[in-house]
Amino acid sequence: MRDVQWPVCNPFPPPEAVMRVLVGGGTGFVGRTLTSLLKSNGHEVTIISRNPGPGRITWQELPSKGLPPCDAAVNLAGENIMNPLRRWTEEFKKEVTNSRVDTTQILARAIARAEKPPEAWVLVTGVSFYAPSETVEYDEDSAGGNYDFASRLVTAMEAAARIPGDSAAAGVTRGVMVRAGRDGGAIPSMLLPFRLGLGGPIGSGCQNLPWIHVADLAGIIAHVLESKNVTGVLNGVAPSFNTNRDFARALGAALRRPTILPLPAFMVNAIFGSERGVMLLEGAKVRPRRTLESGYRYAFPELGPALRDILS
């Protein structure tokens with residue numbers, strides 16, 4: 001899959017002020033796209049990574065050395081919960097939790113202790129916060145966060161991101177949680193069966209699939225950083241509702257291949273384990289109400305054009 005090319009009519013134009021942005025998880029799929037966008041908008045980016053290097057600091061350095069001078073901080077770090085090469089064991093669940101909650105807590109504490117706190121603090125979590133339903137429509141004000149492992153993980157991450165009320169950052173740093181949908185990072189691993197005409201919906205195919213093009217997820221984060229007045233929760237999903245069957249048909253159409261062979265639920269559970277399998281076999285209908293109200297304009301609001309762009 002190629003690197004993201006920004007649309008000629010850029011829906012997120014460069015701002016007037018240059019920012020210094022700290023990005024946790026900046027070497028990952030979304031992080032690389034966000035870093036590219038921020039730099040193209042004239043901002044300076046420092047990446048927090050496990051490994052040292054030019055333009056980077058490590059997670060181990062943050063607690064001892066403190067937050068480097070920055071105007072904004074973003075955390076995208078976290079182990080891939082859907083990694084099919086890892087068995088769903090208690091050890092792996094702990095790795096997933098620690099990689100997301102601990103990094104968020106490290107960054108939040110560094111912000112709270114900073115002599116000059118950043119103006120913005122953005123944490124990216126997930127729409128797994130909302131309980132699966134084929135009929136209920138959720139927005140940013142909807143309740144959730146306590147029905148399975150993934151939803152409780154989002155709750156733990158968002159709790160870890162809170163800045164203590166007695167810190168200097170409490171009255172300075174605005175916090176934003178972006179609950180992201182599926183961003184296309186898994187598409188390359190799905191292509192072979194679809195290219196062979198062996199692809200199809202997962203399980204019943206009726207489950208809702210809240211998705212977003214990675215360019216829009218990066219665009220929403222940049223929009224939050226540059227807008228100065230956005231706070232609270234934003235749903236990082238496309239404004240169109242689609243099911244898993246819609247996704248399979250759209251991907252097949254983009255590849256000009258049939259999509260008649262579903263992946264049975266029992267195979268999904270055998271590969272991923274039932275606790276992870278439910279994340280593919282069930283889904284929620286999530287609307288980005290506050291994201292739209294904030295003034296963000298989507299580059300890829302519809303599924304078909306988004307998939308054709310990813311595959312081009």
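The values are calculated or read from the model by the stated rules, or taken from the named source; none is laboratory data. Computed from a predicted model, the values in this text were never measured in an experiment. Heads up, the Cβs are rebuilt from the backbone with ideal geometry, glycines too, and the neighbour counts pull from every protein chain shown. Side chains are part of the model used for accessible areas, which takes the heavy atoms of the whole protein and leaves out ligands, DNA and RNA. Shrake-Rupley method; radii C 1.70, N 1.55, O 1.52, S 1.80 Å.
Find out how many positive minus negative residues lie around residue 200, taking Lys and Arg as positive, Asp and Glu as negative, among other residues whose Cβ is under 11 Å from that of residue 200.
+3
Run the quick spin-label model on residue 261 and residue 134: label points 7 Å from Cα toward the beta carbon, then report their separation in nm to one decimal.
2.5
How much length, in nm to one decimal, is gained on full extension between residue 115 and residue 39, taken as 0.36 nm per residue of separation minus their Cα-Cα distance?
24.8 nm
Using 0.36 nm per residue, how much length does the chain from residue 50 to residue 196 gain when fully extended, once their Cα-Cα distance is taken away? Kindly include the intermediate steps, with their values, before the conclusion.
Numbers: separation 146, 0.36 × 146 = 52.56 nm, distance 3.79 nm.
So the chain would gain 48.8 nm between residue 50 and residue 196.
What value, in deg cm²/dmol to 500, does the helix sum -39500 (n - 2.57) over DSSP H runs of n ≥ 4 give at 222 nm once divided by the residues of the chain?
-10500 deg cm²/dmol
So what is Rg over Rh here for region 92-160, counting just Cα atoms and using Kirkwood for Rh?
Values: Rg = 14.3 Å, Rh = 13.5 Å.
For region 92-160, the value is 1.06.
At a 1.4 Å probe radius, carbon and sulfur cover how many percent of the accessible area of the chain?
In the chain, the share of accessible area belonging to carbon and sulfur is 53 percent.
Tell me the net charge near residue 219. Cut-off is 13 Å between Cβ atoms, residue 219 excluded, with +1 for each Lys or Arg and -1 for each Asp or Glu.
Combined, the nearby Lys, Arg, Asp and Glu give -2.
Of the chain, which part is the longest with no trypsin sites (Lys or Arg not before Pro) in a loop (DSSP not H, G, I, E, B) and with at most 14 other C-beta atoms within 10 angstrom?
Values: sites that count: 2, 50, 87, 228, 256, 297.
Here the longest segment lacking exposed loop sites spans 88-227.
For every other residue with a beta carbon closer than 13 angstrom to the beta carbon of residue 161, add +1 if it is Lys or Arg and -1 if Asp or Glu, then tell me the sum.
In short, +3.
Ignoring ligands and nucleic acids, what accessible area does residue 89 show with a 1.4 Å probe (Å², nearest 10)?
Spelled out: residue 89, probe radius 1.4 Å, area about 40 Å².
Given a 1.4 angstrom probe, what's the average accessible area per residue across region 20-311, in square angstrom?
I get 45 Å² per residue for this part.
I want to check the label-to-label distance for residue 170 and residue 275. Put each point 7 Å from Cα in the C-beta direction and report it in nm to one decimal.
A separation of 3.5 nm, rounded to one decimal place.
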